[in-house]
Structure formats: C-alpha cells, structure tokens
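Working notes for the structure below.
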Amino acid sequence: MKAEIHDETDLLETLARKNAVLQAINRIFHEALGATSDEALGRLCLAVAEDLTGASFSFMAELTPARDRLHDLAISDRAWTVFRRAWPEGAEQHVPTHLDLHGLYGRVILDDASLIANDPAAHPDAIGTPHGHPPLRSFLGVPLRRRGRLIGVMGLGNRVGGFREIDREAAEELAPAIVQALGGKRAELALRESEDMRRVSMELVPAMLWRTDQSGNNKMSESQWADLTGQDEREAADWGWLEAVHPEDRVATEATFRRSFARDEPLEHQVRLRDRHGAYRWFLMRQVPRRDEASSATHWFGAATDVHDMHLLEERQRRLVAELQHRVRNILTVVRSVFSRTVEAGGALEDVADHFRGRLDALARTQAIVTQTASGNVDLQNLIRDELLSVGVADGEAVTIAGPDVPLPPRAAEAIGLAIHELAINSVKYGALKCPGALLHIAWSTDGDRDGKRRVRLTWTEKGVPALAISPCRQGFGTELICEALPYQYGAETRLTFVGGGVRCEIALPLQEEGRPF
Amino acid sequence: MRDRAAVARGRTTILTDAITLNGRRLLIVEDEYFIASDLKRALEAQGMVVVGPVGRVADALTLIEREPIDVATLDVNLGTAMCYPIAEQLQARGVPFLFLTGYDGWTLPEWLRDVPLLIKPFDSAAVIAAVRALCGLERVT
C-alpha cells in the first residue's frame, strides 16, 4: 500500500508538472499572436521557460545557416534587467551575434543534448561569463530542434538550489512549442511582408489584377475594375466583364480568353476597355495559368496594363512615317517631272544643268518653308528677297519691293516662291535684271475675291527692257508653272504678258489655307 | 501539236496588241500639277481621252456625274482631302481604277486594299500597263 501511496504522490506530481508544461505551452501560443517580431516572441518564450523552471535569466540562440556559429535570437527581460543593473551606463542593448560554438551552450549544440551544470565554473567547457553578466551559479541548456534537426539552444541560468532532472524534462517538453511558435511567427511576418509588397506593387504598377477560376469566373482585385469601368463584381462575373470591352474587340477577346482556358496557355491581348465615362482606352491584357501538381491549370492570374498613350504614340508614328513617305515620293515625282521639262526645253547642257539646279534649289527652299512652318506663316517680303538673293539680286535703285506685311500660309508661300524664282531667272537671263537702266518693281496688296475670300495680289513689273525677238519665257517651264500649275494646284488667277519694256506678271492667290489631311 | 500551240500563242499576242486604249476615257485625279500633266501626256499618247485632270474631290465628283468614264487613276492624298469619296463613287458605278500614291497600301482603309496601287515615283510605262490591265487588255503580273 505504501508503495501505492508513493506511486500516487509521484503520479500527482507528474500530473502537476505536465499540467504546468501544458499551461506554459498554451501561454506561448496565446501570447505569440501579439508579438511584433521573432525577438519579442523569443523573450516571451524565455519568460515562460523561466517561470516553468525557476531560472533567474535565460537566452536562446540559433545556428547560423553555415551551422558553425550561433546567432543570438533573444535575451530574456529578466536577463536584460540584471545586465542593466550591473552595467548602468549604456549597457549593450543589442543582442550579440555570431557567437563561437564554445562554452556550456556550445557543448549543448556539439552534443545535441541537454546539459545541467550546477557548478558551472568547474565544468570542463566553462569559459567564464562576459563583462556585466551576473555570476553563473547553475546552468541548464536544452537543444532546440525543428523536425528533428538541431537549430539552436535555449540556456537557462541560476535556479535557486540548482536545476533538477524534472526542470530539464519540462524545458525539453517546452522546446518544441517554442520552435513551432517562432516558425509560425516568422511565416506570419514573411506573409505580412509579401502582402505589403503586393499591395505596394499594385499601387505602383498601373495595372489591374485578377484571378480567374477554371469556369472563367473572375475575381477582380480590389476595386480597380470597378473604379475603371463602373462595373461591380456581380456585373463583371461570368464573362460580364466583356460588356466593358469595345464592341469591335469583343468577339476576338472572348475567343482569345476561351482558347487560353481550353488550352491552358498564357495569353497576351490588346483590347479597348470602356471607362465609367464611356471613353475607350487601350489595355494590354495578360494572363498566365497556375498549375497544380498534376500540372493542369487550376486558375489563372491576369493583369491589364493601360497602354493607351503608347498606342496613340505608335499610331502617330505610323502616320508620320506614312506622311513622310508620301511627301518624299511626291516630291521625287515632281523633281522627275521638272527634270524632263527642263531637258525638253533644250539648250546647251550647261544651261540645262543650271536651270535644273536652280529649280531644284527653289523646290528645296519651298519644301523647307512648308515643313518648317507647318503651323506658322511665312513673311512674303522675306520670301521674295530670299528668292532674289538666290539669283544674286538685292533690292536697290533698279529693284524696288513694296507691300504690306502679309503672313503667307505655307502652300501659298510654296506657290509664290516657285513663281518668283522663275521670274527672277528669266529676268537675269533676258530681262530687267540683265539690262542696265531697266527697272523691276515688285508690289503686292491684299483684297477679297468674288466669294469674299482673302487673297494676295502680286505684280511683277519690268520696265526699260529692249524688245526681244523671242522671249524664251513664253514657251518655257516658267510660263507653264505660272499660267498652268499655279491655277491648277493653288487656285491662283495669273496673267503673264510681254508688253513693251518687259515682263508683267500678275498673281492673285487665295490666302485661305484649306485644311490638309493629317 | 506543239507547233499549233506556238502559233496560237503568237496569234493571241498579236490580238492583244491590236486592242489599244485608243478612245477610252480616263479620269485623272491628282493635285500635283506636274504629275497630273505628265500622266495626261503619257496616256493621251496612247490615244486615250483624258477627263480632267482634277485635283479636288468636288471637281472629280462633278466630272464623274457628267462625263462618261471608262477607267481612272487616283492620287490618294489630294492635299486638302483624301480621295475616298471619289473611289466610292467609281466603285458604285463599276468604273475600274488604280491608285497612284506615295502611301503604302496598309495606310488605305480596308475596303480599298484590293485596289491596284502604283507607288510614286512611277514610270509611265508601268501606268500604261496597269491601265491596260484595268481595261481587261492585259494580265497584271
């Protein structure tokens, strides 16, 4: 019976101890929720272990990835209090790192086994204590293991009366809970960090994100889709989001998505989406399947990026290239035509070359004017002076230029530039600019035509030129340009006469710039 | 057999050569005077009767309304407007036409992509061949 009573006492003691351990484990998991870092959780666990074993202070350390040193994870609050008392001015507040695998705690790691040393100074592994450390009178070290693998050590110090086997057992039973709580806390922190990353990414990246399940049901992220399209989650569900796709893109979009689902393939698709105000913008939609272990897609992740501005730029660039091609090819065709006409007019090769070069230069000048002043206007007086200068003539006694300020639209400038060039060349060769004593007067004014449209009337009058038997200008390129091309192409009214004393040319040109396409 | 085939081929050649553009009425739409004028000269030399040339959409539409036209050449960009309304009218009347343009085909609207197109600067021989093809006198190669 005695033995039974003894057994019963033992049993009760064991139960009480087990109960204490369970309560301690409970406390760890309960309080773990509130810990903001793994170090804070470490301190909490140490406090629980101290309460359970009667230790005065404690620490825990973790093996570095290389497993050759210990990284101090936490020092208990009680230990910090003792340190601060012993070391009042600015005791080291940081948890030390990279401890060598020596001393009593090192022995626990090396042996992967618990160690009780109730006379620590006499232990063969004793290395003493660092400055500020309270004198160590007893030591209990317990290995920390995760899934059976050693990951660190918990060290408890100074139990009144020394550590007992039951303290070791209690600490060993607590250790897995500590490891699990720490692991859980780290996973939670990592998750929170990645969640933060995701949220920040979503704010930074101008994209809408979604998740789609096997049946094509969409789960749009946050409220991005609703913010853009005005569709709520219910409206967007079950392919309802296609309603926000431009009608012209809808069939192709649905087909593309269905193909992606059917074939488990990623998709990339450009599409116009209607915003809540009814305006369409281009989006690049991309979607990738997520696969389970059997490697069939279980759901899809998708993102839609606003590429509208890029789209407009691309479109504009395409149109610019097309426009450039059009202009270059057109002017080449004109140059070809001018060349044939210059050659057909005949004359010495040198003269033909001279004429052609002059016309090419005049064309180049007017082209420059047209392209450089696409939005602005050309000053008529400057235009005339430039053309005269190109044949080596400046205004002076023999040449007078007079007229009001007239800003010419580019096409009018093109026409007048070419006409003035032909008149000037003719004049230098046969007219007022060749004969001493002859005069050239260039004048202009503005008025309205029969429909009241504003136009510029320019007259080129030569005086004092001896009569020529044949004026080449009558049949040449210049005549065709002034009498045929200007009316045909620019809607001008022109008159070119060879009166006594020289050439007289009148040009009436509309100033109204009709809108050119593009 | 071989000889007869060769003879037949020779005869065909002679026949197509015999059919000329003479007297066919061609509308030229081109806003650039010198290009229009060159086209007119080249096609008149083939005996064609040139309607126009004109450089504006409104003028072209008036001519289509008033004049009989067998075939047409259109510049795409007429400076102040694109030639599409003219193309539409010609298609509606079943008048064959081709584009003479500085643009590549892809810039044209979808419904005009099948229209034959010569890129500027063009050779008058190429234009004549294209016009003959439109008149059913030659195969386009």
Practice task
Enumerate the amide H contacts of B:PHE99 below 5 Å, restricted to partners 5 or more residues apart or on another chain; note that Pro and chain-start residues carry no placed amide H.
Solution key: B:LEU74, B:LEU117, B:LEU118
Problem - C-alpha long axis of helix A:410-430 to longest principal axis of chain A, angle in ° - result: 40 degrees
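Using a/c under 1.5 as the rounded threshold, could you call the range A:13-193 rounded, prolate or oblate? The axes a ≥ b ≥ c are square roots of the C-alpha gyration tensor eigenvalues, and prolate needs a/b larger than b/c, oblate otherwise. The partial results should precede the final answer.
Numbers: a/c = 1.32, a/b = 1.12, b/c = 1.18.
Verdict is rounded for the range A:13-193.
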Exercise for the section: Could you tell me whether the range A:335-446 comes out rounded, prolate or oblate from its Cα gyration tensor? Rule is a ≥ b ≥ c as square roots of the eigenvalues, rounded for a/c under 1.5, then prolate if a/b exceeds b/c, otherwise oblate. Expected result: oblate
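Taking chain A, how many lysine pairs are there with alpha carbons less than 27 Å apart, if each pair must be eight or more places apart or span two chains?
On the way: A:LYS2/A:LYS18; A:LYS18/A:LYS185; A:LYS429/A:LYS463; A:LYS434/A:LYS463.
Qualifying lysine pairs in chain A: 4.
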Handout entry: Whole-Å distance, taken between Cα centres, linking the range A:122-176 and the range A:237-253
Key = 67 Å
Practice task
With just the Cα atoms of the range B:21-134, tell me how far they stretch along each of the three principal axes, in Å, largest first.
Solution key: 33, 30, 25
Fill in the blank from the handout: For the range A:182-191, in residue order, the Karplus 3J(HN,Hα) values (coefficients 6.51, -1.76, 1.60; θ = phi - 60°; whole Hz; Gly and Pro = x) are 5, x, x, 4, 5, 4, 5, 5, 5, 5
Exercise for the section: Report, by chain and number, residues whose modeled amide H sits under 5 Å from the one on A:VAL406, excluding near sequence neighbours (fewer than 5 apart, same chain). Expected result: A:LEU380, A:GLN381
Exercise for the section: Enter the angle in degrees (range 0 to 90, nearest 10) between the Cα long axis of helix A:247-263 and the first principal axis of the Cα atoms of chain A, meaning the one along which they spread out most. Expected result: 40 degrees
Practice task
Quick one: which residues, 5 or more positions from A:TRP239 or on another chain, have an amide H under 5 Å from its amide H? H modelled 1.01 Å from N in the peptide plane, none for Pro or chain starts.
Solution key: A:ASN218
Exercise for the section: Rounded to the nearest 10 degrees, what's the angle between the helix A:380-390 long axis and the longest principal axis of chain A, both from Cα atoms, 0 to 90? Expected result: 80 degrees
Fill in the blank from the handout: Answer check: the protein assembly as shown, Cα atoms, Kirkwood Rh, Rg/Rh ratio of 1.36
Problem - Dipole magnitude (debye, nearest 20) for chain A, charges at Cβ of Lys, Arg, Asp, Glu - result: 1480 debye
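Since every read-out is calculated from the coordinates, none of them should be taken as a lab result. Predicted model, so just to flag it, every value in this text is computed and none were measured. All Cβ positions, glycine included, derive from the backbone under ideal geometry; neighbour counts span all protein chains shown.
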